[in-house]
Amino acid sequence: MSISPRLAAIGALCLSLLLASCNGSVSGGNGAAPTLRVVNLAFGAPNNFDVLLGTTSLATNLSYDQATAFGTTTTGGATIKFEPTGTTTVAITANLTIAGGGNYTVLALQGSTALTALTVAQFPPSLGSGQVQLSFVNASPAEGALDFYVTAPTAALPLTASEAAITYAGDGASVTPVGLTLASGDYRIRAVKSGDTTQTIVFDSGPLVFAAGASPLLVAVPVTGSASPFALVSLGSDATVTTIADQRVQVRVGNFAPANGSVDAYFDQNGMSNAATAPFATSIAQNVASNPYQALLPGAYRASFTTTGQTAELVGSNLTLASGTSISVFAAGVANQASPYNLQLLVVHDDLRAPATGMAKLRVVQLSPDLAAGGAIDLVPLTTSGGSTTVGQTIIRNLAYAGASAYASLAPGSYTLAVVPTGLQTPLLPTSAGVAGVAVNLAANTVTTLVIAGCEYPGSGAVCATSTTALQFVQLSD
């Protein structure tokens, strides 16, 4: 399956009294010794964890997406403590009761308001030849109850869920999921919020393969930067942690061609042509981007823009949308101009993952064709004091038309920003004289794109003679 496995090799698992073996196997039968493992799925936690069973070490420096192997333990009450690595401060505590024959997974999680633990109790399934068992746990507190549909990869979404109303397990809770037994083979997992009669898909795994005898625990955990607000983390019977991300592509479109009027956008597959009944977005005004992103399945597309209400292509391009990515497709340039100022589609790959805690991410897309006579530009902050303006340390450097910068990590706050030709000091935006800057507010934990749009000299010059759109910043929330 198209997923990224990570294997966590965690030491100090074989404990002489409490953990009698460390072979990674899962015990079976009610009379068998129970087994225990711990997993760090605390999304956004600022540290790794040292993990203790009572006073005995289970793992050290356990990072996100890492697990220990199962090891046998004793029945009765047990306390698991997660401490930030290198400290003796307990960040998370799990109290559980261990029964014979059970396999216990203790998860460190980001709960509804703070770090928490979840204990998952399972008993080894009695699988027939060629069977698998899937067990779902909802550890994503913001999603409410979820219905999961497990189908053949190309099957339509059925009316009835395979596993219905899987609610958030709860902070500090213990759950025993009911396994779904299937024949081994190729599958696809999709999720819909329980009670949604429109069956709007909120997660789509794409094609997966489950081998005979597998019994993965599938845990929904929050993520950022994906078409879904959660991913499924698959935990096998060993220390392998596999993240199954939403396969869909997040797409938005923007109209930043300075001489264009309102446009419609299309994404057509398999040789299809634009149809008035199937636009991706309609009536996109000049210097506007569609919001929010929309999800498309990965594959080959013809992306195109048309005059609003028409289907004849103004500009288009063939694109291959890769699984799990995010892109912006922007119309840029002017019709009947030579490259690079010709009417074109600029495809920008977006990084929608949250910034470092308490920070903001900013990048710039340069779509003003005559800015700085078509040369490279820098983005700088301005500080005004006592009637004089000072140019600060460059944030984005040497950005050419038509292109996008990398994301810069900035402290949140209000910035006065200006565009300066690379190698010079006099700002161009908002006026060629540079008498003022443009205020941009960056909130903590946000991702922002600034599009430099319009023309420095609208209505004049070889490039912008047909445009009346003035030079401006357009701030987009990613």
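Across the range 248-350, the mean sequence separation of Cα contacts (distance under 8 Å, 6 or more residues apart), normalised by length, yields a relative contact order of 33 percent.
Ranked highest first by the average count of other Cβ atoms within 10 Å around their residues, in what order do 212-223, 117-128, 351-362 fall?
Numbers: 212-223: 20.2, 117-128: 18.3, 351-362: 16.1.
In descending order of packing, they fall as 212-223, 117-128, 351-362.
Sequence-distant contacts, meaning Cα pairs under 8 Å at least 6 residues apart, place the relative contact order of the chain at 10 percent.
Given the alpha-carbon gyration tensor of the range 4-244, what are the semi-axes of its equivalent ellipsoid in whole angstrom, ordered largest first, with each equal to the square root of 5 times an eigenvalue? Write down the numbers at each step before the final one.
Values: eigenvalues 169, 89, 46 Å².
Computed over the range 4-244, the values are 29, 21, 15 Å.
Summary value for the range 4-244: 20 percent relative contact order, contacts being C-alpha pairs under 8 angstrom separated by 6+ residues. Sorted ascending by nearby beta carbons within 10 Å, beginning with the fewest, Thr75, Thr320, Thr446 become Thr320, Thr75, Thr446. Distance from the alpha carbon centroid of the range 135-161 to that of the range 315-334 works out to 30 angstrom.
Helical content alone sets the calculated 222 nm signal of the chain at 0 deg cm²/dmol, taking -39,500 (n - 2.57) per DSSP H segment of four or more residues and averaging over every residue. The C-alpha radius of gyration of the chain, expressed as a fraction of 2.2 N^0.38 Å, stands at 1.18. Give me the net charge of Ala91's neighbourhood, meaning all other residues with Cβ under 15 Å from the Cβ of Ala91; Lys, Arg count +1, Asp, Glu -1. Value of the local net charge: -2.
Only the coordinates and a few stated rules stand behind these numbers; no lab work does. The structure displayed is predicted, hence computed values, not measured ones. Glycine also receives a Cβ, built like all others from the backbone with ideal geometry; neighbour counts cover every protein chain displayed.
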